[in-house]
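Right, one structure below, let's go through it.
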Amino acid sequence: MLSWILIYFVLYASLLGTISVLGYFLQRQKESKFVCEENGIDLAELVVIIPFRNEEKRIAVLLESINKSALHPNQYIFVNDHSTDLSCERIEQVLNDTIPYQIISLEDGVEGKKLAIRKGIELSESNYVLGWDADCSFSPNYFDRMSQLPEADLYVMPAVMVAEREFEHLYEVDLLLVNAANCGVSGLIRPIMASGANMLYKRSAFHSYDQYASHAHMPSGDDIYLLRDFRKAKAKVNLVTDRTLAVYTETPQSFSEFLHQRLRWIAKTGDVKDHLSTSLAIIQGVLTAGFVALMVFLLLQHEWKWALVVFIVKSVIDLLFFLPFFNRMGRMRSWLYIPLYELLFPFYTLLIVSLMYTFKPKWKGRKLERNF
């Protein structure tokens, strides 16, 4: 019994340590070069495109952040995806008169975030395009830091969910662990994930590499598809974990909303067919299954003390290995929830798997196709 426990933890610590510790520090070395005092990104050559649909109750934090920003891009372009609420009026009421912005609307028969982004790109001119979600907030120094970035075809930047209630920290941990893995894999090889809530890319590269026709059937997910297209074209893609360049949004407000969100992400991730991402998911599945099998065996043998030891050791490894990333993101409160999350994760995984082929997630009131 002891030998199996040792084998599991040697494998677990080796794999997790390689990604979350070694990969993290390699990524930090890469980012140490992402400072350019001269000839950085020119904010006068940057437009921000913000698709929105019925965000009247959630867009206030973004508008307040824009008003408080120390610097601004050439223009903020809000693209209305057939909203039926007062989102447009809200934007006009809150933004200062000095803010360079415009609101455009999609035509009848044209809908979805992807087409909203492309409409904004079509009706603007700039060297760089920055994509945001309509419910995000950001630091007043966000654009100042961005102006120091050296040129690249694509920047994958942090999008952080912020819990307001205690149980929502579990939702926050779920995304943070994915981002921690993405950070580590980026340090070792390349990014495998991106968030459309915070992506910066060259307009010329977008026009050259975008393969919209290959994923037009999916109404959401422009982020991960765009990352795939840039990767296939061997474009220069940089991931950054600088908190100044992060955007913040609230966590899902209910477990149902959380499930819809995660099933959307799984649908588009499966459709992208990234072999590296799939391989890592398989490894995670094997490690999770190993942990569950070990715990079940010990409990069936009434080895309560050994079961407790296994759980404590795994929790300590998780806490230590993920500490650098959580600290980098300033999410130490959620870091404390890692043991509880890891205890619930097998049950959460079984629920997700059981729903994958029977439950059709929605996004902005529209059903998504399943491509698992």
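Read-outs throughout are calculated quantities, based only on the coordinates presented, and are distinct from any laboratory measurement. Worth saying up front: this structure is predicted, and the values here are computed from it rather than measured. When we count neighbours, we look across all protein chains shown, and the Cβ atoms used for this are built from the backbone with ideal geometry, even at glycine.
The table below lists the values:
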{"item": "Nearest 10 degrees, 0 to 90: helix 222-232 Cα axis against the chain principal axis", "result": "80"}
{"item": "D_trans [Stokes-Einstein, Kirkwood Rh over alpha-carbon pairs] for region 136-188, 20 °C, 1.002 mPa s, µm² s⁻¹", "result": "160"}
{"item": "Sorted by Cβ density within 10 Å, fewest first, the residues Glu250, Glu55, Glu168, Glu122", "result": "Glu122, Glu250, Glu168, Glu55"}
{"item": "Simple spin-label estimate for Ile312 and Ser14 in nanometres, 7 Å along Cα-Cβ", "result": "2.6"}
{"item": "For region 26-135, alpha-carbon Rg and Dmax in angstrom", "result": "15.5, 48"}
{"item": "Whole-Å semi-axes of the ellipsoid equivalent to region 226-349 (Cα gyration tensor, √5λ, descending)", "result": "31, 20, 16"}
{"item": "Radius, Kirkwood style, for region 1-40 when every pair of distinct Cα atoms is counted (Å)", "result": "12.5"}
{"item": "Proportion of all alpha-carbon pairs of the chain beyond 25 Å (%)", "result": "56"}
{"item": "Zero-based 10 Å bins, Cα pair distances in region 165-246, whole percents", "result": "15, 45, 31, 9, 1"}
{"item": "Space enclosed by the convex hull of the alpha-carbon atoms of region 34-254, per residue, Å³", "result": "128"}
{"item": "Neighbour cut-off at most 16 other Cβ (10 Å), DSSP loop, trypsin sites (Lys or Arg not before Pro), region 212-272", "result": "Lys234, Lys236"}
{"item": "Gain in span if fully extended, Val292 to Arg190, counting 0.36 nm per residue against the direct Cα distance", "result": "33.7 nm"}
{"item": "Net charge, Cys88 excluded, C-beta distance under 13 Å - Lys, Arg +1, Asp, Glu -1", "result": "-4"}
{"item": "MRE, 222 nm, helices only [DSSP H, n ≥ 4, -39500 (n - 2.57), over the chain, to nearest 500]", "result": "-16000 deg cm²/dmol"}
{"item": "Cut-off 12 Å, label 7 Å out along Cα→Cβ of Tyr348, residues of region 156-170 by amide N", "result": "167-170"}
{"item": "FRET efficiency, 1/(1 + (r/R0)^6) with R0 30 Å, evaluated for Leu6 and Val178 via beta carbons", "result": "0.55"}
